[in-house]
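Each reported figure results from applying straightforward, stated rules to the coordinates on display, with no laboratory input. Treat the numbers as computed from the prediction; the structure is a model and nothing was measured. Glycine gets a Cβ as well: all are built from the backbone with ideal geometry, and neighbour counts include every protein chain shown.
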Amino acid sequence: MTEIDVRRGVPAGHRVASEWRVSHYGPVPRRTDPGGWDLRISGATASGHDHLLGLAALEALPRVRVHADLHCVSGHTVLDLCWSGVPTAALFDLIPPREDVRYVMAWAQFGYSANLTRADFAAEGSLLATHVADRPLEPERGGPLRLVVPHLYSWKGPKWLRQIEYLTQDRRGFWEERGYHNSGDPWTGRRYSHQEETGEGPPL
């Protein structure tokens, strides 16, 4: 398994968390029947069709282990997490987006969503995570599948991932519609939409 290390430490203004607290919006889904679970790839696919991947098909894709830190918008950072799963770039290889796709919307169970640029979604270290610390993700940690984008705030990596939508134009996700910064970059120190520069996000 390929090993990737994208740890960068603690952004300015953050503090190191003494523990990795469970944090999420809404209820925790019940444990998933692997046979009834799928990930939908939709939107502007190169084929023009939606695609469904079951857990078995997902687990057959190339896998990586990513050593990364996790940054919460509340201002704490969890250091040295070890995720494993499928690199997001491998999803693009398997189900290519159209050439004019510039954004991705990641949809979770219960309708939660997060928007990302195509580049952020496919960056080195970004992955569809099935394990942390070499153990399958528990439901409260986002299992069976969550998106992990280590260089952005953790809200950009939805738990209980169920759909990836390819977009030609940007749309705000759940928290972005409610006042969070469209980019979600912890290294800028900007958390909120009122701190956005012109062109950094679609109108609220």
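With contacts defined as alpha carbon pairs under 8 Å and 6 or more residues apart, what's the relative contact order of the chain in percent? Intermediate results must be reported in sequence, preceding the final value.
Details: 445 pairs, mean separation 46.3, N = 204.
Once normalised by length, the contact order is 23 percent.
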Next on the checklist: Given a 10 angstrom Cα cut-off, can you work out which residue in P150, P96, P158 is the most mobile in a GNM of the chain?
Outcome noted: P96
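Looking at the range 76-155 from every direction and averaging, what is the projected area of its Cα convex hull in nm²? Don't jump to the answer; show the numbers that get you there.
Numbers: hull surface 23.3 nm².
Spelled out: convex hull of the Cα atoms, projected over all directions, averaged, 5.8 nm².
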Item to check | Order by protection proxy (mean Cβ within 10 Å, highest first), peptides 172-179, 5-12 | outcome: 172-179, 5-12
Next on the checklist: If you take every residue apart from T88 with its C-beta less than 11 Å away from the C-beta of T88, what net charge results, scoring Lys and Arg +1 and Asp and Glu -1?
Outcome noted: -2
Item to check | Choice from E140, E99, E59 showing the highest fluctuation, given a GNM over the chain with Cα pairs closer than 10 Å | outcome: E99
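Please figure out what share of the DSSP beta bridges in the chain is antiparallel and state it in percent, rounded to the nearest 5.
Working: 34 of 44 bridges.
Counting only bridges with both partners in the chain, antiparallel ones make up about 75 percent.
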